[in-house]
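Colleague: What follows is a single structure, and I will ask about it in a moment.
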Amino acid sequence: MNQSKETPLVVRRVIPLPREHVFDAWLDPVRLARFMRPGSTAKATAEVDARVGGRFRIVMHHPHDSTGTEHSGEYLLIDRPARLSFTWRSINTDDRPTTVTIAFLDRDGATEVVLTHTQLPPGQVESHRKGWSDILEKAARG
Amino acid sequence: MPLDSTLDHVYGAIADPTRRAILNLLVRGDTTVGALADKFPISLNGVSKHVKVLERAGLVERRVAGREHWLTLNPKPLGAASRWLDHYRGFWEVQLQALEQMLIDESAPPRRKRRRTG
């Protein structure tokens, strides 16, 4: 089993709205900034050049951090309303490009979003022997 | 085997409290299946089944020395699973949830503007 170099991550969610609706939110900078706000993020700003080869940039601002965390990438595929693919880089990817692909599947008028995140840098996937003991502890507590 | 199903095995393996306890024991060093069975209030057969699940996930390696089956922890799949997966799985789950909430809020009729009929 040599899966350490490339381990895709898949996250799914069914959203009770039509595909066009869900798809368009990803390419609209105002709405992108509105939902791309994980945990402690106070606010986010987004710039989008919604065409294949065009770039996006999302900056997530944390309450005590004036610079913010930048995430950026390039659109690889825009196939409304079925599929969207873009590169993704940030400090969490060691500033190396990774790939996010989102499939929007029609589920009787609702949309199943299947998000796949691949090609994360080998440095993050392989090393970090410490990481596993942390998860063991975390798992044991949970 | 698809790669994400390997990770499913890892997540499936650590979802069970007995298997987490086995992993935690193995952190301290190699042990035998028999010695493990002595530490848990389940049968040797039960322990053996848990060990098999851990082996399938690549978290435990077994070597046979005479009559003893020695078990060694292999943390690598956990490292891969924990580091960026933990980060980005959580990240995207939160983002998709926020996306859904935003879209539902947008499509809901504005409550304040409810007009009285008549």
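The values are calculated or read from the model by the stated rules, or taken from the named source; none is laboratory data. None of these values were measured; they are calculated from a predicted model. When we count neighbours, we look across all protein chains shown, and the Cβ atoms used for this are built from the backbone with ideal geometry, even at glycine.
Colleague: Enumerate the helices (runs of 4 or more DSSP H) found wholly within the stretch B:11-70, keeping only those where 1 or more residues are out of contact with any Asp or Glu (no Cβ under 8 Å at 6 or more places or on another chain) and within 14 Å of chain A (Cβ to nearest Cβ).
Modeller: On the way: elements: B:17-27, B:33-39, B:44-56.
Result: B:17-27, B:44-56.
Colleague: Here is a further query. Which condition does A:Val100 not pass, out of (1) β-branched (Val, Ile, Thr); (2) without any contact (Cβ under 8 Å) to a residue 60 or more places away in the chain; (3) more than 16 Å from B:Val94 (Cα to Cα), if it passes all the others?
Modeller: Condition not satisfied by A:Val100: (3).
Colleague: If the requirement is being modelled with pLDDT of 85 or more and either at negative phi or touching a strand residue (DSSP E or B) at 6+ places or on another chain (Cβ under 8 Å) (or both), which of these qualifies: B:Leu85, B:Leu44, B:Leu25? Don't jump to the end; show me each part of the working.
Modeller: On the way: B:Leu85 fails: modelled with pLDDT of 85 or more; B:Leu25 fails: modelled with pLDDT of 85 or more.
Going through B:Leu85, B:Leu44, B:Leu25 in turn, the sole match is B:Leu44.
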